[in-house]
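J.: Next up is a structure, given as structure tokens.
The values are calculated or read from the model by the stated rules, or taken from the named source; none is laboratory data. This structure is a prediction, so every number in the text was calculated from the model and none was measured. Cβ sites come from the backbone with ideal geometry, for glycine too, and all protein chains shown count toward neighbours. Protein only, heavy atoms only, side chains kept; ligands, DNA and RNA dropped before computing areas. Shrake-Rupley method; radii C 1.70, N 1.55, O 1.52, S 1.80 Å.
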Amino acid sequence: MPLFSRSPATRSSKGGSRRSARSLAFVTRVAACSTPLFAGAAFAQSPTNIFAPAATPAHSIFGLSMLVLSVTFAIFLIVGGLLLYALIRYRHRPTDSEHEPAQIYGSNQIELSWTVIPILIVVMLFLSTTRVILRTEAIPKPDNTMDVTVIGHQFWWEYRYPKLGIVTANELHIPISDKASPKPTYLTMSSTDVSHSFWVPRLAGKMDVIPNRVNTMWMDPTEPGLYLGQCAQYCGTQHAKMLLRVYAQSPEDFEAWVKQQQKPAQHEFPGNPAATEGQTVFMHNACINCHTVSGSAATGRFGPDLSHLASRDTFASGAVKNTPENLRKWIDNPDSMKPGSLMPPMHLNEHDLNVITAYLTELH
């Protein structure tokens, strides 16, 4: 049957033509209104924008992404152009015969072109990807690196700085690296439970965090700021809220953060009797079985280290802003803020809940 042929009833139906015209006009108006919105969203700056790389590995991945997009866009234009040409050139005309046109089979040139050209494109992209992987993973590790051990948990991140004696959670602090004195940060990663994936788009590519296996990656942001990321491997109920926050800091700010984190946890709270009482309640509850507060009886490793909890901007792996109100609600019932969290509700009375909150908000 010829393309775009219509039955006599359809051709003679003026009402159908008017409805089609109105439908086409509506679609045109919607497209015209939507285009600026989509364009604005595409070019809006985002903390997870892969098109705004801020570290050497991310720049390499950005270059590869542009190559892939260029190749696929060229393929789209060629295929779309040929399709448009065929639709226009061979459209149905009133003078066309109703007989089926002659069929031609077995064009060796066409079959070779759509077989060989895609193979060459795939090989070229494979070699380009391999080069980026070798460039980012096979380079020698410098002596002046910042080493961080990353441990994935359901559903939060643990960070250990072996050279600095610091243990923290969910918020990774690293120094920036300039060309004059490069100081990349190397991450040694593993998991205690299921597979996770560490991905901060503006700093580096994805790296799987797997039980019983150690993977490494590095990043060297040149500009201070907050870089956001996400666990990119489904790891359970709260996978979507296993967020990443990387604070790239100037040498001075990073040194100040290190000194603050190296201090022992606060154990005396003059002028704040509620915090003093809260410390006692905390140490006599099941909290100490899962959490650590340095210099105290709390030595649990199942949950995040709380020695300097109040110095963090967020908790629950970046999902909740760290405020006394949110912290109180979290202690009372974590599932109300992060359904599927492995922290059980404490079922404390109002008084104990208030004093423990007062205690934790003093742990700077």
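J.: Quick one: count up the residues across the stretch 36-74 that are open to solvent by 60 Å² or more (accessible area, probe 1.4 Å), modelled with pLDDT under 65 and not in a helix (DSSP H, G or I).
T.: Count: 1.
J.: With respect to the numbered conditions (1) free of Cβ contacts under 8 Å to residues at least 60 places away in the same chain; (2) among the polar types (S, T, N, Q); (3) in contact with a helix residue (DSSP H, G or I) (Cβ under 7 Å, 6 or more places away or on another chain), which one is the sole condition not fulfilled by Q233?
T.: Looking at each condition in turn, Q233 falls short on (3).
J.: Starting from residues that are among the charged types (D, E, K, R) and within 29 Å of the chain's Cα centre (by Cα), keep the ones in the stretch 248-272 and report whichever is surrounded by the fewest Cβ atoms within 10 Å (Cβ to Cβ).
T.: E252
J.: Next up: Which ones in the stretch 254-275 are in a helix (DSSP H, G or I) and of a type in the set (A, V, I, L, M)?
T.: Of everything in the stretch 254-275, those that are in a helix (DSSP H, G or I) and of a type in the set (A, V, I, L, M) turn out to be A256, V258, A274, A275.
J.: Look through A310, A275, A316 and report the one residue that is touching a residue at least 24 places away in the same chain (Cβ under 8 Å), over 17 Å from M343 (Cα atoms) and under 35 Å from the mean Cα position of the chain (by Cα).
T.: A310
J.: Of the residues K263, K259, which is modelled with pLDDT of 95 or more and over 26 Å from Q154 (Cβ atoms)?
T.: None of the others qualify; the one that does is K259.
J.: Output the residue which, of all residues in the stretch 177-195 that are of a type in the set (A, V, I, L, M) and open to solvent by 30 Å² or more (accessible area, probe 1.4 Å), is farthest from L226 (Cα to Cα).
T.: From the stretch 177-195, those of a type in the set (A, V, I, L, M) are 180, 187, 189, 194; that's our starting set.
Narrowing further to those that are open to solvent by 30 Å² or more (accessible area, probe 1.4 Å): 180, 194.
Numbers: A180: 22, V194: 27 Å.
The extreme case among them is V194.
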